[in-house]
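First comes the structure, then the notes that go with it.
The values are calculated or read from the model by the stated rules, or taken from the named source; none is laboratory data. All of these numbers come straight from a predicted model, not from anything done at the bench. Don't worry about glycine lacking a Cβ; one is built from the backbone with ideal geometry, like all the others, and counts go over all protein chains shown. Quick note on the areas: whole protein, heavy atoms, side chains included, nothing else; ligands and nucleic acids left out. Shrake-Rupley method; radii C 1.70, N 1.55, O 1.52, S 1.80 Å.
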Amino acid sequence: MDTDVVVVGGGIAGSALAATLAAAGVRVVVLERQEFYGDQVRGEGLWPWGVIEAKRLGIHDALLEAAGGDHVEWLVDYMDGDDPAGAEHEPIPLAAMIDGAPGALNVAHPLACRTLADMAAAQGAEVVAGVDRLEIGTGARPEVRFAANGTERHILCRLIVGADGRNSKVRQQAGISLERVRAAHLVSGLLVEELDIYPGRDVAGNGEDVFMVTFPQAGGKARLYLFYRDDRHAFNGPGGAERLVEASALAFIPRREQWAKALPAGPCRSFRCDDTWTDRPYVQGVVLIGDAAGYNDPLIGQGLALALRDVRALSEALLGGSPWDETAFDRYGTERAERLRRMRSVAKLYATETIDFGPPARERRAEIQKRIQDDPALLDGPLAMFLGPDNMNPEVASDDFHDRYFA
Ligand SMILES: Cc1cc2nc3c(=O)[nH]c(=O)nc-3n(C[C@H](O)[C@H](O)[C@H](O)COP(=O)(O)OP(=O)(O)OC[C@H]3O[C@@H](n4cnc5c(N)ncnc54)[C@H](O)[C@@H]3O)c2cc1C
């Protein structure tokens, strides 16, 4: 046995797990495909329940420092542009969602990955960057072959953890397939700079045919995501970034003219917002975490927090003193499947409400707001994304709740 655990993928989930295990004395090797962490257009907004998860893992302070030292306390929701002054006067209080979470955390994904990988290395994990030609062997004697820095390597281990993201090679090679709900909407994301008109506030709003969320970052930068139905053109190809900035300026939000002056500061990428999952994120010798094990619709921004929750669940299973066998992984898989089921339902609720455009959709949203006035428990629906699967009202994930919400 060359090492205890080989973690494939040094992203959020993989690096956080490696840091946690290495700190407990487990021998860990992390294999990361990228030579240097670059902008892959991934999540950069960690909601309050994810902040709590980061604290529980002991990685919060490092992420906060990488984020520039501030939490985001407010989310301004300009939906339908009916009352922009009211939206600014009464923003959604992210700092008041969960005890112990002083807000949300916006941190550039490459910076977060590097911070966590450095933590893993500081705890004694071997972190190998620029990994290519990865091949895994499952079973009682798991093994990994790969090339890095011009040499071929072969590692025997007790366990392989697949943390290599949504297009996971480990998942494919282990023969694990994902269930999928196909989404009727897409997302395009872009980092922009020279957009410091909403300092310290997340912003959501919509336009004639797009829904937009922005997460401000240190240095006047912001991560911009546009969601739209799949009958609309995507923002891929030449000029995509500029078209994205232009489209976001059309949203029903104030100060649109300043918005149009934002400058693209990274690649523009588009994704279908499918929800995927598996009830068995493992085979003998291999277990999956993070997006590799199935991912939630990016619309409700749960992926980072879910990845950290996976790290907590799996590290507790591995460090609890029980054998690293099917029983331990089955417990993790069952618990994870329920978490993903809940957040899938929350995403469906939110997508049905927001990714719908034109006058009838506007009217329906206005009716929902009236219903919430009469029945404040309905607010549990949209609040669930900030609270997460363990703290939310579980009834939100039921057909009954959806029926009441949409009446
Ligand atoms: C457009 C978009 C917007 C999103 N917005 C949000 C948001 O606002 N908030 C939120 O919480 N979540 C959001 N998410 C989800 C979030 O980005 C992911 O859930 C999260 O990054 C998952 O972490 P991970 O470590 O599992 O995967 P990743 O962060 O994707 O990391 C995977 C790592 O594995 C590496 N890798 C891949 N293949 C290999 C290989 N063969 N060998 C070795 N290494 C490999 C990659 O280089 C990468 O470093 C968004 C996702 C998308 C697509």
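Odds and ends about this structure:
- Residue list for the stretch 1-38, filter: in a loop (DSSP other than H, G, I, E, B) and within 11 Å of the ligand (Cβ to nearest atom): 9, 10, 11, 32, 33, 34, 35, 36, 37, 38
- Check on residue 50, within 9 Å of the ligand (Cβ to nearest atom), in a helix (DSSP H, G or I) and not charged (D, E, K, R): yes
- Single residue of the stretch 268-284 satisfying the filter (within 16 Å of residue 331 (Cα to Cα) and open to solvent by less than 10 Å² (accessible area, probe 1.4 Å)) that is farthest from the ligand (Cβ to nearest atom): 282
- When we screen 30, 26, 51, 6 for residues that are over 21 Å from residue 191 (Cβ atoms) and open to solvent by 20 Å² or more (accessible area, probe 1.4 Å), the only hit is 26.
- Among the residues listed as 219, 139, 207, the single one being open to solvent by 40 Å² or more (accessible area, probe 1.4 Å) and either free of Cβ contacts under 8 Å to residues at least 12 places away in the same chain or out of contact with any Lys or Arg (no Cβ under 8 Å at 6 or more places or on another chain) (or both): 219
- Residue 393, sole failed condition from (1) free of Cβ contacts under 8 Å to residues at least 40 places away in the same chain; (2) more than 26 Å from the chain's Cα centre (by Cα): (2)
Conditions tested, residue by residue: (1) over 30 Å from residue 366 (Cβ atoms); (2) among the hydroxyl-bearing types (Ser, Thr, Tyr); (3) open to solvent by 20 Å² or more (accessible area, probe 1.4 Å).
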residue: 96; (1), (2), (3): no, no, yes
residue: 104; (1), (2), (3): no, no, no
residue: 112; (1), (2), (3): yes, no, no
residue: 156; (1), (2), (3): yes, no, yes
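- Members of the stretch 345-370 found to be assigned to a helix (DSSP H, G or I) and open to solvent by 30 Å² or more (accessible area, probe 1.4 Å), listed by number: 348, 350, 352, 359, 360, 362, 363, 364, 366, 367, 369, 370
- Residue list for the stretch 313-340, restricted to those being within 14 Å of the ligand (Cβ to nearest atom) and either open to solvent by 20 Å² or more (accessible area, probe 1.4 Å) or closer than 26 Å to residue 140 by Cβ (or both): 313, 314, 336
- Residue match in the stretch 90-97 (condition: within 30 Å of residue 254 (Cβ to Cβ), within 16 Å of the ligand (Cβ to nearest atom) and under 19 Å from the mean Cα position of the chain (by Cα)): yes
- Within the stretch 95-109, the set of residues being part of a helix (DSSP H, G or I) and under 27 Å from residue 192 (Cβ atoms) comprises 95, 109.
- Which listed residue, of 127, 72, is open to solvent by less than 20 Å² (accessible area, probe 1.4 Å) and touching an Asp or Glu at 6+ places or on another chain (Cβ under 8 Å): 72
- Yes/no for residue 133 being over 20 Å from residue 314 (Cα atoms), of a type in the set (Lys, Arg) and near the ligand (Cβ under 10 Å from one of its atoms): yes
- The residue of the stretch 158-195 that is least open to solvent (accessible area, probe 1.4 Å), among those that are acidic (Asp, Glu) and over 30 Å from residue 137 (Cβ atoms), is 193.
- Criterion violated by residue 295 - all others in (1) aromatic (Phe, Trp, Tyr); (2) farther than 22 Å from residue 357 by Cα; (3) open to solvent by 40 Å² or more (accessible area, probe 1.4 Å) satisfied: (3)
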